[in-house]
Structures are given as structure tokens and as C-alpha cells.
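Worksheet: one structure, shown below.
The values are calculated or read from the model by the stated rules, or taken from the named source; none is laboratory data. Since the model is a prediction, treat every value here as computed from it, not as a measurement. All Cβ positions, glycine included, derive from the backbone under ideal geometry; neighbour counts span all protein chains shown. These accessible areas exclude ligands, DNA and RNA; they are computed on the full protein's heavy atoms, side chains included. Shrake-Rupley method; radii C 1.70, N 1.55, O 1.52, S 1.80 Å.
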Amino acid sequence: KNEVEQSPQNLTAQEGEFITINCSYSVGISALHWLQQHPGGGIVSLFMLSSGKKKHGRLIATINIQEKHSSLHITASHPRDSAVYICAAVKSNTGNQFYFGTGTSLTVIP
Amino acid sequence: NAGVTQTPKFQVLKTGQSMTLQCAQDMNHEYMSWYRQDPGMGLRLIHYSVGAGITDQGEVPNGYNVSRSTTEDFPLRLLSAAPSQTSVYFCASSPTGNYGYTFGSGTRLTVV
């Protein structure tokens, strides 16, 4: 069983919809990252969380340490948000090694 | 532009050949790492380095070597390529390993 699980694997939304992607992990972590992989393959770091909530533009990331769960929300989704979103947990005491979820492929339809 | 530069972008190797994937960053980041991305498995850490002269193994290190002689460069060596090493390889750097990750554009490697 993967130590980091994401859901859903695939998501199709209409433009303007509110989107939620979930990430659950089964190990102690020091931080959790959300990454975005564009259709061309490039990877961009969106957020790093160790507690609470962060917001950047239309993107909001939250983490609940007790429940070992994080969510990435996209408000007023747009076709340019179409990408693969990857959750990556940094296990405690591992020297900053990432353990990745398998990603959520998001398609936003105009 | 500042960032992480990976070369080559594409490579085809024959089984048993060796090659080096190059990774360079100009942001003076201490932490650098290599990942491979395979369909259905996501990204997996191969090797990482927390500074010049220091390297360590990640989740899938077998078949790969790394060295970190300078802060800027972190090459990944395939000693004897195998079809199982067909993948997309990403290099990333970070100031400390906790935040601010910058990824290279990837190298698509096919071993035949």
C-alpha cells in the first residue's frame, strides 16, 4: 500500500466549478507539498504545508495533521488549471525525502 | 534564466550502455535530488544530496550513481542501462530541502 494516497485519480470539471483534491498519508511527516505538472511535463511547486492553511490566488491548500489529510482546492476553475496535481509527503526523520502520491489528473472544460 | 537545467531532454540507449544525465542549478541551492516518473507509480526518489560532497540513497537507488563535487552540479549516472530504467527523470533543487523546490524540465530516457 502506498504511504501517500490521492483521490480522485481523474477529475473532469466545468469551467467555474470549485474543485477539491484529497491527499491522505499513513506516516509521520514534517511537511507536505503540492506540485503541479503541466501537460508538457514541467513540474511546479505550489505549496509547502506543515500546519493550517495557505492560499495563493485561486488555490487553497489545507492540512490536518491529526487526521493525516490534506486538500487542495481550486476556486473558479479555468481550463488553464488542467494539469496533474501531485501530493508529496516529507517523512519525519528522513532527511527531507519526498514520498509522492500518484497524482490527480484534472481537466477543466470550457 | 535562473533555474534547474537538465540535459539531454531525450535519450535512447541500448541495454548495457552507460550514460550520465546532467543537472545544474544556478540558485546556490544546497539540496538537490533525482526522481524517476513511471506511469501508474508516480515520482520516486532515486538519490539526493544535502550539499557538496554529500549524497544519499532514496527509494530506488539501484543501478544509479551520483556525485556532488560542486554546489551547482548533480549528475546521475546509469552504469549499465536496462529496459526497466526506461522512464522520465527529473532533477530538483531547494535551498534547504524543506521548501522552494525548483524542478528541471525532465529527461525522457528509453532503453531498448
Enumerate the aspartates and glutamates that A:LYS91 could reach by cross-link, defined here as Cα to Cα under 15 Å, with residues fewer than 8 away along the same chain left out.
A:GLU3, A:GLU5, B:GLU59
Please identify, among B:GLY53, B:GLY40, B:GLY63, the residue showing maximal mean-square fluctuation in a Gaussian network model of chain B using a 10 angstrom Cα cutoff.
B:GLY40
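What average number of partner chain Cβ atoms lie no more than 10 Å from the Cβ of the residues making up B:102-112?
On the way: counts 3, 7, 2, 4, 5, 0, 1, 0, 0, 0, 0.
Per-residue shielding by partner chains comes out at 2.
Note the buried accessible area between B and A here, summed over both chains, with a 1.4 Å probe, in Å² to the nearest 100. It would help to have the intermediate numbers written out before the result.
Numbers: alone 5790 and 5850 Å², together 10160 Å².
Protein heavy atoms only, the B-A interface buries about 1500 Å².
Can I get the semi-axes of chain B's equivalent ellipsoid? Compute them from the C-alpha gyration tensor as square roots of 5 times the eigenvalues, in angstrom, largest first.
On the way: eigenvalues 99, 37, 35 Å².
Value: 22, 14, 13 Å, ordered largest first.
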Report, in whole Å, the centroid distance computed from the Cα atoms of the range B:1-53 and the range B:61-111.
2
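For chain A, what is the convex hull volume of its Cα atoms per residue in Å³?
On the way: hull volume 10.3 nm³, N = 110.
That works out to 94 Å³ per residue.
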Which number do you get for Rg(Cα) / (2.2 N^0.38 Å) in the protein assembly as shown?
1.01
Extension gain (nm, one decimal) between B:VAL12 and B:ARG77, 0.36 nm per residue minus Cα-Cα
21.9 nm
Can you give me the accessible area per residue for the protein assembly as shown, using a 1.4 Å probe, in Å²?
46
Please give, to one decimal in nm, the separation of the simple spin-label points placed at B:SER67 and B:GLU30, each 7 Å out from Cα toward the Cβ.
2.4
In terms of Cα to Cα distance under 17 Å, which aspartates and glutamates are near enough to B:LYS9, apart from those fewer than 8 places away along the same chain?
B:ASP38, B:ASP73
How far apart, in nm, are the 7 Å Cα→Cβ label points at A:HIS38 and B:ASP38?
2.8
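Across chain B, where is the longest run that never hits trypsin sites (Lys or Arg not before Pro) in a DSSP loop with at most 15 other C-beta atoms within 10 Å? Write down the numbers at each step before the final one.
Working: sites that count: B:LYS9, B:LYS14.
Counting at most 15 other Cβ atoms within 10 Å as exposed, the longest clean stretch of chain B is B:15-112.
Pull out the extension gain between A:HIS73 and A:ASN93, defined as 0.36 nm times the separation in residues minus the alpha carbon to alpha carbon distance; nm, one decimal.
4.3 nm
Determine the share of the protein assembly as shown's accessible area contributed by carbon and sulfur atoms, expressed in whole percent, with a 1.4 angstrom probe.
On the way: 5100 of 10160 Å².
Its accessible area is 50 percent carbon and sulfur atoms.
To the nearest 0.05, how large is the calculated FRET efficiency for A:SER26 and B:ASN98 if R₀ is 25 Å and r is the Cβ-Cβ distance?
Working: r = 21 Å, r/R0 = 0.85.
With R0 = 25 Å, the Cβ-Cβ based efficiency is 0.75.
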antiparallel share of DSSP beta bridges within the protein assembly as shown, to nearest 5, in %, is 90
List the aspartates and glutamates whose Cα sits under 18 Å from the Cα of A:LYS53, skipping any in the same chain fewer than 8 residues away.
A:GLU67
For B:LEU21, net neighbour charge (Lys/Arg +1, Asp/Glu -1) across residues whose Cβ lies under 12 Å away:
+3
The range A:12-39 and the range A:64-107 have their Cα centres apart by a whole-number Å value of 3
For B:GLY51, other-chain or 5+-apart residues with amide H closer than 5 Å (H placed, Pro excluded) are B:MET32
Computed FRET efficiency, Cβ-Cβ of A:HIS56 and B:ALA52, R0 35 Å: what is it to the nearest 0.05?
0.60
Among B:TYR48, B:TYR99, B:TYR35, which one shows the highest mean-square fluctuation when chain B is modelled as a Gaussian network with alpha-carbon springs under 10 Å?
B:TYR99
Relative contact order computed over chain A (Cα-Cα under 8 Å; 6+ residues apart), in percent:
37
